[in-house]
Amino acid sequence: MKKYREDLIAALGDFDETSFSVEILSSTGKLMNREQNVRDISVTDLPAGVYLLRLNTTEGVGVRRVVVLR
């Protein structure tokens, strides 16, 4: 599980897809942020807590758990 401070950005890393979406969901499943074709997502506006980062591509869906610290 990756941990991010408030001033950091969740970086998705390298992958070959050019068309994708990234969603950040709260632990209750509420959509907190959604971006299209963006590899870096700011977590500055999120309260401290555990979130799911979901990457949707034409190849499938990947989910990672991240922790935002304040």
Seminar exercise, completed: For strands (runs of 3 or more DSSP E) lying entirely in the chain, having 1 or more residues that are in contact with a helix residue (DSSP H, G or I) (Cβ under 7 Å, 6 or more places away or on another chain) and modelled with pLDDT under 80 picks out none
For this session: Residue by residue through the range 31-56, note down the ones that are loosely packed, with under 11 Cβ neighbours inside 10 Å and under 11 Å from residue 20 (Cβ atoms).
Result: 36, 37
Seminar exercise, completed: Subset of the range 57-70, residues open to solvent by 40 Å² or more (accessible area, probe 1.4 Å) and either in contact (Cβ under 8 Å) with a residue 12 or more places away in the chain or under 11 Å from the mean Cα position of the chain (by Cα) (or both), comes to 58, 59, 63, 64, 65, 69, 70
Exercise. Are there any pairs, at least 6 apart or on different chains, whose C-beta atoms fall under 8 Å, with the first in the range 6-26 and over 17 Å from residue 36 (Cβ atoms) and the second at pLDDT 80 or above and open to solvent by less than 20 Å² (accessible area, probe 1.4 Å), and if so, which?
Worked result: 6/43; 6/68; 8/43; 26/51
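The values are calculated or read from the model by the stated rules, or taken from the named source; none is laboratory data. For clarity, every value in this text was computed on a predicted model and none was experimentally measured. Please note: Cβ atoms are built from the backbone with ideal geometry, for glycine as well, and neighbour counts cover all protein chains shown. Each accessible area value is taken on the protein alone, full model and side chains, heavy atoms only, with ligands, DNA and RNA left out. Shrake-Rupley method; radii C 1.70, N 1.55, O 1.52, S 1.80 Å.
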